[in-house]
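What follows is one structure encoded as structure tokens, with my remarks underneath.
The values are calculated or read from the model by the stated rules, or taken from the named source; none is laboratory data. This is a predicted model, so every value here is computed, not measured. With ideal geometry, Cβ positions are generated from the backbone for all residues, glycine too; neighbour counts draw on all protein chains shown. Areas reflect the complete protein model, heavy atoms only, side chains present, ligands, DNA and RNA absent. Shrake-Rupley method; radii C 1.70, N 1.55, O 1.52, S 1.80 Å.
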Amino acid sequence: MTEPVVAIVGAGPAGVRAAETLARGGVRPILFDEGERPGGQIYRQPPRGAGRAAAELYGLEAAKAAAIHRVLPDLADRVDYRPQTLVWNVFQSRLDLLGPDGYGEQRFDRLILATGAMDRALPFPGWTLPGVFTLGGAQIALKAQGMSIGRRVALVGAGPLLPLVAHQYAKAGARIVAVLDATPFAAKIAQLPGMLAEPATLVKGLWYTARNRLRGPKVRYGVGAIRAEGRTQVEALVYRDASGTEHRVDCDAIGVSFGLLSETQLADLAGCAFAFDSLTRQWAPERTPEGRSSVPGIYLAGDGAGIGGADRAELQGRRAALAVLEDLGRAIDAAETAGLDRRLARQARFRNALEGAYPYPAHLLEDVADEEMLCRCEGISVGALRDAALTKEVREMNRLKALTRIGMGRCQGRVCGHAAAELLARACGIDIESVGRLRGQPPVKPIPILGGAP
Ligand SMILES: Cc1cc2nc3c(=O)[nH]c(=O)nc-3n(C[C@H](O)[C@H](O)[C@H](O)COP(=O)(O)OP(=O)(O)OC[C@H]3O[C@@H](n4cnc5c(N)ncnc54)[C@H](O)[C@@H]3O)c2cc1C
């Protein structure tokens, strides 16, 4: 009898734990990741030979990072790991690939998608100036290249990455001049009881916050009307505090993020059903608690199907792999699945509270001017979106794309799609769920037209 082909996309915490669980269950999975080394976003590794200490890069998460990094070397003959391989399409039971040897295909019987997340961007005056980075980008510079994004760095946004990146940058010796949270401090206090579901994570968050305050940069909550200023690159960040007073912080780089967005494109191409999550204001592929999608044979784990954090991603990876084994008719340990299900339920309570502590900063979209750039790939402004809504009665994202080209460029709407949906909903006076979401199109990320290696 031929062995079933089980493929996994993503070698972050979710994909690595899924591969490990399958290998221990007697299945040799194929694990694809476009990165050079495993670890995903949180446990991203520097290039080989860069020689930076784990404690320096991952701080309190160093032990967890080391554990994830050890998995694939320990299972080298039991997991077919294919780094530097982009999965750019799913069609029926086939993946389209671009790897070190060029283009290729992989047939599969079961597929686990563990594709992770990216920063949620919103337009604001000056957001396209050189020197403005996403917080994730700022972190990649630090973890992968050992570099700061600037000499005087201001951080602004809404989400738990904000205090974390502030801490990581300061610890690495960078000068942080301001940490500006667009969400109110009161929201965090209100969510403390829910966050007690994961006391260790809560304590870590409080510790980062306290350290950031002690180090002396301006730490403010409930800020609005943010603006990056500079002639040819960032020179200052201007914001209004909670009382409405305007302030100016001199800086040469800005790290900004408004939460995370799941990377759902492959799930979309695989035909998975999606549901709108009103808490995070985004569409995510539906998954059962065990990790099964609406399409038989396709499984979902980690942040790629709803933001849950790294610990949750590990558990979901293991759980989805156990579902695969069960569906293949292999014996699985009922006590293990029950234990995982209990921990996942507890983490869901924590996660909901964390989302509540950093509510969506809708106020930042109130005064976005018509001339602001929205879709950078195609050079389309906010005004063009409003014009389509008002004069052509556009009420839906794919129609907006067809008429304006918003989301039709290299990023396929991964960067601008969410903000476009928010702005379209506002322009039409309807809720964001009603405007729908952009349909996925291959390739999910830019690839060269002429075949060779990337
Ligand atoms: C930039 C960034 C930085 C973050 N930093 C932190 C942090 O410091 N601390 C923290 O607690 N949380 C952090 N988060 C949140 C954190 O990433 C997640 O909670 C956790 O890593 C989720 O694990 P995962 O396995 O679901 O996804 P990820 O860790 O994101 O891993 C997904 C993997 O899939 C690969 N992939 C995606 N699409 C494809 C494709 N089409 N083809 C091939 N490979 C693909 C990616 O290269 C990546 O390695 C960060 C998120 C982002 C976006």
message: Give me the net charge for the shell around LYS392: Cβ to Cβ below 14 angstrom, other residues only, Lys and Arg +1, Asp and Glu -1.
response: +2
task: Search the structure for amide H atoms under 5 Å from the amide H of ILE380, placed 1.01 Å from N in the peptide plane, and list their residues when 5 or more places away or on another chain.
output: LEU374, CYS375
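Under the Kirkwood approximation for Rh and a Cα-based Rg, what ratio Rg/Rh is obtained for region 263-307?
Numbers: Rg = 9.5 Å, Rh = 10.4 Å.
Radius of gyration over Kirkwood radius for region 263-307 works out to 0.92.
Of the beta bridges DSSP finds with both residues in region 121-258, what % are antiparallel, to the nearest 5?
Details: 9 of 27 bridges.
In region 121-258, DSSP labels about 35 percent of beta bridges as antiparallel.
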query: Going down the table (LYS171/LYS401; LYS64/LYS445; LYS188/LYS445; LYS143/LYS445), which pairs top 32 Å between alpha carbons?
result: LYS171/LYS401; LYS188/LYS445
Options TYR81, PHE91, GLY102, ranked by Cα towards positive dipole end of region 40-125, top entry (Cβ charges): TYR81
statement: Simple spin-label estimate for THR128/VAL203, 7 Å along Cα→Cβ, in nm, reads 4.8
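From the protein chains alone at 1.4 Å, what is the descending order of accessible area for ASP96, ASP367, ASP109, largest first?
From most accessible down to least: ASP367, ASP109, ASP96.
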- prompt: Between HIS247 and THR391, what FRET efficiency follows from the Cβ-Cβ distance if R0 is 51 Å, with the result rounded to 0.05?
  reply: 0.85
message: With every protein chain left in place and a probe of 1.4 Å, what is the accessible surface of LYS188, to the nearest 10 Å²?
response: 30
- prompt: From a point 7 Å beyond the Cα of LYS171 in the direction of its Cβ, which residues of region 56-99 have a backbone N at a distance under 19 Å?
  reply: 56-70
Residue-averaged 222 nm ellipticity for the chain, from DSSP H runs of 4+ at -39500 (n - 2.57), nearest 500: -10500 deg cm²/dmol
- prompt: Under unit Cβ charges (Lys, Arg +1; Asp, Glu -1), what dipole magnitude, rounded to 20 debye, does region 278-341 have relative to its Cα centre?
  reply: 220
Size of electric dipole in the chain: Cβ of Lys, Arg +1 and of Asp, Glu -1, about Cα centre, debye, nearest 20: 900
message: For the chain, report the % of Cα-Cα distances exceeding 42 Å.
response: 13
statement: Here, ASP341 and ARG24, labelled 7 Å along Cα→Cβ, have an inter-label distance in nm of 1.9
Lys/Arg +1, Asp/Glu -1 at C-beta; the chain dipole; positive extreme among VAL177, GLN233, PHE133: VAL177
- line: HN-Hα couplings for region 166-178 via Karplus (6.51, -1.76, 1.60; θ = phi - 60°), in whole Hz with x for Gly/Pro, come out as 4, 5, 4, 5, 4, 5, 7, x, 7, 9, 9, 9, 7
message: Explain nothing, just the number: dipole magnitude of region 368-435 about its Cα centre with +1 on each Lys and Arg Cβ and -1 on each Asp and Glu Cβ, in debye rounded to the nearest 20.
response: 300
